[in-house]
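The values are calculated or read from the model by the stated rules, or taken from the named source; none is laboratory data. Not measured: the values here are computed from a predicted model. All Cβ positions, glycine included, derive from the backbone under ideal geometry; neighbour counts span all protein chains shown. Each accessible area value is taken on the protein alone, full model and side chains, heavy atoms only, with ligands, DNA and RNA left out. Shrake-Rupley method; radii C 1.70, N 1.55, O 1.52, S 1.80 Å.
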Amino acid sequence: TTDTAALRPVAHFTAKNSWLNDPNGLLHHDGTYHLFFQTNPHGTTWGNISWGHATSTDLVTWTEQDLAIPFTEDEMAFSGSAVVDARNTAGFAKEGETALVAIYTSAKDGSQSQSLAFSLDEGETWTRYAGNPVLDIGSAEFRDPKVFWYGGDDGHWVMVAVEAVAKKVVLYTSSDLRHWTFASDFGPAHAVGGVWECPDLFPLIVEGTTRTRWVLIVSMNPGGIAGGSGTQYFVGDFDGASFVPERLVDSNDLADFDWLDYGRDYYAAVSFNDAPDGRRLMVGWASNWDYANVTPTSPWRSSMSLVREIRLIASTDGVHRIAQRPVLPREVEGLQVFELSVPSGVGNRHAVVLSGVDEERLVITIDGDDRSISCDRTASGQIAFHESFPSVDWAPLPNGTTDSLDLLIVVDGMIVEIYAGGGLVTMTEQVFPSEPFGSLRVEPLAR
Ligand code: FRU
């Protein structure tokens, strides 16, 4: 690793001096956004897995806090979620207190089970629950609990987790976070080329209607659309106990399924609990297990994505699709945001070239005949640290695209995020140029 300080993103969260993978425990409470993350407090590669913690009030400036849930001699704290236990269902709070409760996977030799930790001081300090684990099914591959409250005062907690190797999302319900009852399962379905991880389940109103649909997020590694780690989603219904997809496609072609992102670097994406104004805000880990442990940065390794607001759109073909946009409430110094529109009709082929110094570049090709977007990072700077890093990634033109395609491209040090067609298609890519890409040009390409 060379000196890569200039590549450290300014609006994407990175840990100061350590390794980072999945976002965990995304939660809004009392004006503060909490972002917990998988980290190694003693190093820049995966290991000693603990929950780190960062907070923000604007979703672009993050302040790293003390470690929340450290690894112990026999337990690593794998991915999970956090809730505000406003009704004190678990009984951790005393009069006048509110408990934040984290639900994480206790990863031990040959066993994975679900455990609780709670905070009575707004997330500053955390205590493991003495009755852990709260859900143990005797499995070595049972992880990543996402917990949320379903219904009103007479509602209940729902946990969405995975039986990773079986490629199943499993749902449990509880009234007190301590006792869980199996409710249903879903899968295998659609992409099944790797283990299923980090699920999420949440409602969205179909834009411009009053209909609610539920979205089930499933990360998978390997076997993603761009190779290695990838995140797919399903749209359907949920009644508090089971998820029923509204559309299952019988295909062997990964392109026929719904992907949250078509780049190499968007994984383990989950949403905030209790975001204000009914917004659904997501964050993904902007890396890929294929090469995450050897990316050339120091003294940190890996970044989160920007926070993304997601909406559900009824496309012209009747299919419900997710559209995403980055949450950028203000200008951020050092962050480049490009907005442009590129011809995308039949007979058109254009390259959007992001460049820096020494011919280093990322080339995004919009092809109106193939109806595709491709992203080529084979000349983007350092690429030789892993054989699977230099890649040309493919995405479809967003449904409904005709003569022109709008693009929103954010460049933040080592992270490039591409939002196409109102965010119906996104691609997230890491790049390691000698200097961050600062310019963009559009070139017509010969047919
Ligand atoms: C996903 C994942 C999770 C697990 C965590 C361990 O990237 O493999 O399934 O909980 O990372 O760090």
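Distance between the C-alpha centres of segment 14-74 and segment 303-352: 27 Å, rounded to the whole angstrom. Taking Cβ atoms as reference points and 9 Å as the exclusive limit, the residues near Gly230 contribute a net charge of 0, counting Lys and Arg as +1 and Asp and Glu as -1.
Each Cα pair under 8 Å and six or more residues apart adds its sequence gap; the mean of these over the residue count of segment 308-372 is a relative contact order of 22 percent. The accessible surface of segment 211-359, taken with every protein chain in place and a 1.4 Å probe, is 43 percent carbon and sulfur. Descending by average beta-carbon neighbour count within 10 Å, the peptides 56-69, 416-429, 21-34 line up as 416-429, 21-34, 56-69, the highest first. Close amide-amide hydrogen proximity is noted between Lys167 and Trp196, each under 5 Å apart and 5 or more residues distant or on a separate chain (H modeled in the peptide plane; Pro and chain starts excluded). Derived from the Cα gyration tensor, the three semi-axes of the equivalent ellipsoid of segment 266-413 are 25, 24, 15 Å, largest first. For the chain, the C-alpha radius of gyration sits at 0.95 times the compact-globule guess of 2.2 N^0.38 Å, with N the residue count.
Charge dipole (Cα centre; +1 on Lys/Arg Cβ, -1 on Asp/Glu Cβ; no other charges) of segment 191-257 amounts to roughly 100 debye.
Backbone phi angles across segment 158-164, fed through the Karplus curve with coefficients 6.51, -1.76 and 1.60 (θ = phi - 60°), yield HN-Hα couplings of 10, 10, 10, 9, 10, 9, 4 Hz in residue order; Gly and Pro are listed as x. Heavy atoms of the protein chains alone define the surface here; on that basis the chain has 38 Å² accessible area per residue at 1.4 Å probe size. Projecting label points 7 angstrom from Cα along Cα→Cβ for Thr63 and Val165 puts them 4.4 nm apart. For Lys16, a cut-off of 28 angstrom between C-alpha atoms picks up these lysines, skipping any fewer than 8 places away in its own chain: Lys108, Lys146. The portion of the accessible surface of segment 395-447 made up by carbon and sulfur, rounded to a whole percent, is 50 (1.4 Å probe; DNA, RNA and ligands excluded). Phi angles across segment 75-87 convert, under the Karplus curve 6.51 cos²θ - 1.76 cosθ + 1.60 with θ = phi - 60°, into 3J(HN,Hα) values of 9, 9, 9, 7, 4, x, 9, 9, 10, 8, 8, 4, 8 Hz, Gly and Pro given as x. Under 5 Å from the amide H of Arg361 lie the amide H atoms of Ala379, Ser380, Gly381, each residue being 5 or more positions distant or on a separate chain, with H modelled from the backbone and absent for Pro and chain starts. Taking 0.36 nm per residue of sequence separation and removing the Cα-Cα distance, the Asn293/Phe385 pair yields an extension gain of 32.1 nm. Amide H contacts of Val425: Ala420, each under 5 Å away and 5 or more positions distant or on a separate chain (H built 1.01 Å from N in the peptide plane; Pro and chain starts excluded).
Measuring nothing but protein heavy atoms, the accessible surface of segment 37-138 at 1.4 Å probe radius is 46 percent carbon and sulfur. Available extension along the chain between Ser184 and Glu124 is 18.1 nm, counting 0.36 nm per residue and deducting the alpha carbon span. Computed from phi, the 3J(HN,Hα) profile of segment 225-236 under the Karplus parametrisation 6.51, -1.76, 1.60 (θ = phi - 60°) reads 4, 9, x, x, 6, x, 10, 10, 9, 10, 10, x Hz, with x in place of Gly and Pro. Lys16 sits with roughly 130 Å² accessible to a 1.4 Å probe, with DNA, RNA and ligands left out of the calculation. Beyond 23 Å, how much of the Cα-Cα pair distribution for segment 228-323 remains, as a whole percent? Everything past 23 Å amounts to 38 percent. Here the gap between Phe338 and Ala86, fully extended at 0.36 nm per residue and compared with their Cα-Cα distance, gives a gain of 86.6 nm.
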